[in-house]
Amino acid sequence: MREFDIITHNLANVSTAGYKRQCTAFSKALEAQTRGFNEESPGRVEMTAEFDFSQGGVTHTGRSLDIALYGKGFLIVETPEGPLYTRNGALQTNHNGQLVDSSGNLIAGQAGPITIPPTIPLSEVHISVDGQITAQGAAIGKLKFVDFGDDENKLVPTGANCFRMPDEDVVPAAAADLQVKQGYQESSNVRMVDELVGMIRVQRLYEANMKFIAAKREAGSSLMDVAMG
């Protein structure tokens with residue numbers, strides 16, 4: 001069952017920074033089918049999956065290039081295939097001193113890639129609540145954040161806690177209510193207890209659905225026997 005696969009995937013990423021839990025409408029569909037034997041079963045359950053982009057908790061790391069995001073919005077990750085979007089604020093620098101993600105992709109700044117001069121220790125880098133990066137009293141750059149608003153549910157995962165927007169007509173706006181906290185990481189928004197309860201509930205709903213289908217088949221078989229008898 002795909003529902004179990006999704007729950008298992010969520011549980012496997014409960015400690016992954018910036019991870020957003022995935023959920024489906026499977027349970028709701030099963031509930032609709034098992035309310036009573038007078039309802040007709042459609043014979044199949046349509047599975048629609050979506051991501052829960054609600055705020056995760058934060059964990060203190062003390063790393064100067066770790067940032068936790070508060071509010072709606074994403075960092076922009078520049079790749080050869082186009083921009084990706086992430087909440088994972090575990091940043092680092094490449095050999096050129098440019099800010100990158102864990103895969104080595106550039107992190108977008110308001111004026112392009114952000115480069116930290118090699119003469120500046122990372123411990124002296126300061127990132128303000130609005131994403132402005134300074135060191136030794138000098139401005140280095142400013143992180144760029146975007147928000148998809150109601151189109152957020154159109155984002156699709158690409159791996160490494162990144163998403164892409166497949167709909168070319170959707171243009172993100174600048175994130176208006178996003179705040180940055182340096183030295184922290186946003187934790188996964190997966191709640192282990194809720195996922196385990198959900199797994200048990202779906203198993204019970206699935207079993208109830210199978211019994212319902214079996215009862216319908218048995219009733220149909222009995223009617224056929226009466227008709228042919």
Quiz item: With (1) in contact with a His (Cβ under 9 Å, 6 or more places away or on another chain); (2) on the phi > 0 side of the Ramachandran plot as the list, and Ser64 as the residue in question, which single condition is left unmet?
Solution: (2)
Practice problem: Go through (1) touching a residue at least 60 places away in the same chain (Cβ under 8 Å); (2) polar (S, T, N, Q); (3) surrounded by 15 or more Cβ atoms within 10 Å (Cβ to Cβ) and name the single condition Thr134 misses. | Solution: (1)
Quiz prompt | Where a residue in the stretch 94-109 is farther than 20 Å from Gly159 by Cβ and its partner, wherever it lies, is of a type in the set (S, T, N, Q) and surrounded by fewer than 20 Cβ atoms within 10 Å (Cβ to Cβ), with Cβ under 6 Å and at least six apart | solution = Gly97/Thr115; Gln98/Thr115
Practice problem: Of the conditions (1) of a type in the set (Gly, Ala, Ser); (2) at pLDDT below 90; (3) out of contact with any helix residue (DSSP H, G or I) (no Cβ under 7 Å at 6 or more places or on another chain), Gly198 clears all except one; give me its number. | Solution: (3)
Practice problem: Filter the stretch 116-164 for residues that are in a strand (DSSP E or B) and more than 28 Å from the chain's Cα centre (by Cα) and give the result. | Solution: Val125, Thr134, Ala135, Ala138, Ala139, Ile140
Practice problem: Name every residue in the stretch 101-113 that is in contact with a strand residue (DSSP E or B) (Cβ under 6 Å, 6 or more places away or on another chain) and over 16 Å from Phe74 (Cβ atoms), in order of residue number. | Solution: Pro113
Quiz item: Somewhere in the stretch 115-130, is a residue surrounded by 13 or more Cβ atoms within 10 Å (Cβ to Cβ), among the hydrophobic types (A, V, I, L, M, F, W, C) and under 12 Å from Val180 (Cα atoms)?
Solution: yes
Exercise. Residues being touching a strand residue (DSSP E or B) at 6+ places or on another chain (Cβ under 7 Å) and of a type in the set (Asp, Glu): count how many of those fall in the stretch 56-88.
Key: 2
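Residues that are polar (S, T, N, Q) and at pLDDT 55 or above: list the strands (runs of 3 or more DSSP E) wholly contained in the stretch 37-76 that include at least 1 such residues. Lay out the reasoning, then the answer.
Values: elements: 49-51, 58-60, 67-70.
Those strands (runs of 3 or more DSSP E) span 58-60.
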Exercise. Output the residue which, of all residues in the stretch 165-188 that are assigned to a loop (DSSP other than H, G, I, E, B) and among the small types (Gly, Ala, Ser), is surrounded by the most Cβ atoms within 10 Å (Cβ to Cβ).
Key: Ser188
Quiz item: Cys162 versus (1) at pLDDT below 95; (2) over 25 Å from Ser54 (Cβ atoms): which is the lone unmet condition?
Solution: (2)
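The values are calculated or read from the model by the stated rules, or taken from the named source; none is laboratory data. Source: prediction; values computed, not measured. When we count neighbours, we look across all protein chains shown, and the Cβ atoms used for this are built from the backbone with ideal geometry, even at glycine.
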